[in-house]
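Okay, structure first, notes after.
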Amino acid sequence: MDLQDTNSSVNLEIDKVGIRGLEKKVEIENVKNKRYSFYPKISALISLPAKQRGIHMSRTSETIEEVINEVIFKPTPSIEELAHRIAKKLMKRHPYTSKAEVKLEGKIIIQMRENEKRAIQKSYEISTCVIAEKNLEGAINYKYFIGASAVGMTVCPCAKEMSQEYAKEIIQSRNDINISEEDLNKLINILPYASHNQRSKGTIILQITQLNSHQIDVLDIIDVIEESMSGRIQSVLKRPEEAELIRSSHLKPLFSEDVVREMAKNFLARDFPNLEDDLKIIFKIESYESIHPYNVYAEMNTTIEELRRTLKEE
């Protein structure tokens with residue numbers, strides 16, 4: 001008998017035990033035939049019965065290696081499918097456990113066109129979590145979560161408004177400028193005005209139930225995040241491109257609270273298929289403030305049903 005299978009000296013169940021921080025590289029090829037590299041840190045944890053002293057740790061690491069090697073020869077269509085394969089094998093390799101949790105968190109590198117003239121590589125943070133639970137009859141139920149983060153540019157509406165008010169006061173105080181109130185207001189609304197802006201990191205985490213029926217790719221989630229910001233940041237900007245980005249982003253000033261709501265609205269507008277009402281979804285943003293010694297954070301936790309109902313009422 002293996003030492004792990006001997007009786008525990010203290011009969012207490014352990015919720016999670018296993019390995020964390022295993023770094024790998026896998027290739028993802030989604031349903032749209034887009035292929036990208038994923039560099040996850042892998043966490044694979046299982047529950048341990050009260051009377052059993054330990055888990056067979058080597059079975060867990062072997063399971064991960066086997067699934068990763070399979071992906072080398074046949075790319076997986078999604079990160080959640082990869083986590084599912086690991087969780088499914090964990091439950092089989094550890095028949096004494098009633099629960100397994102597999103997390104993959106890391107960066108993807110994708111090739112994309114930043115504009116009509118330039119192709120670049122961009123990296124994004126993505127994640128998935130699969131939870132497998134065995135009921136009293138021995139059937140295994142799975143829960144899936146996918147998430148992605150992207151960095152964009154946000155412009156403070158309050159600072160922009162103060163700049164406009166200041167400009168209006170300066171013009172009105174000048175004796176050498178004669179302009180009507182109506183024309184002044186027109187100019188104030190036409191001319192660009194300064195504000196403080198910052199990079200902001202948006203995140204969407206979504207629960208799904210069926211791997212095959214949900215056609216949501218992390219790249220689509222990333223696009224929702226980026227379009228919900230004041231502007232999309234770019235790695236290379238020529239002078240005309242920089243001027244256009246600054247101008248357009250200042251035409252769309254947003255608080256962090258605005259961005260969270262924009263992400264929710266834009267996600268639902270995509271009309272992703274087969275999203276059940278009770279599925280959970282989280283929208284988060286962290287703004288790396290340029291004029292404050294702290295970051296600003298906002299988060300919304302809701303369900304698909306609540307989101308649909310609320311936005312329909314508007």
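Read-outs throughout are calculated quantities, based only on the coordinates presented, and are distinct from any laboratory measurement. Everything numeric in this text was worked out from a predicted model, so none of it was measured. Heads up, the Cβs are rebuilt from the backbone with ideal geometry, glycines too, and the neighbour counts pull from every protein chain shown.
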Would you mind checking Lys74/Lys238; Lys74/Lys103; Lys103/Lys265 for any pair whose Cα atoms are more than 32 angstrom apart?
Lys74/Lys238
Karplus 3J(HN,Hα) series, Hz, for segment 58-74 with 6.51 cos²θ - 1.76 cosθ + 1.60 (x for Gly, Pro)
5, 5, 5, 5, 5, 4, 4, 4, 4, 5, 5, 5, 4, 5, 4, 8, 9
Taking the alpha-carbon distance from Lys312 and a cut-off under 15 Å, which aspartates and glutamates remain once sequence neighbours fewer than 8 residues away in the same chain are dropped?
Glu262, Asp271, Asp277
Largest-first principal axis extents, alpha carbons of segment 1-138, Å:
67, 25, 23
For the chain the mean separation of alpha carbon contacts under 8 Å (6+ apart) over residue count, i.e. relative contact order in percent, is 14
Between Asn301 and Asn175, take the C-beta separation as r, use R0 = 45 Å, and let me know the FRET efficiency to the nearest 0.05.
0.20
Taking alpha-carbon centroids only, segment 29-108 lies from segment 253-314 a number of Å equal to 29
Over 32 Å between alpha carbons, listed pairs Lys41/Lys117; Lys107/Lys252; Lys99/Lys280; Lys107/Lys143:
Lys41/Lys117
Starting at 0 and stepping by 10 Å, how many percent of the alpha carbon pairs of the chain end up in each bin?
5, 21, 25, 21, 13, 7, 4, 2, 1, 0
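When DSSP beta bridges are limited to those with both residues in segment 1-138, what percentage is antiparallel, rounded to the nearest 5?
Around 95 percent of the beta bridges assigned by DSSP in segment 1-138 are antiparallel ones.
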For labels at Ser235 and Arg261 in the simple 7 Å Cα→Cβ model, what's the distance in nm?
3.5
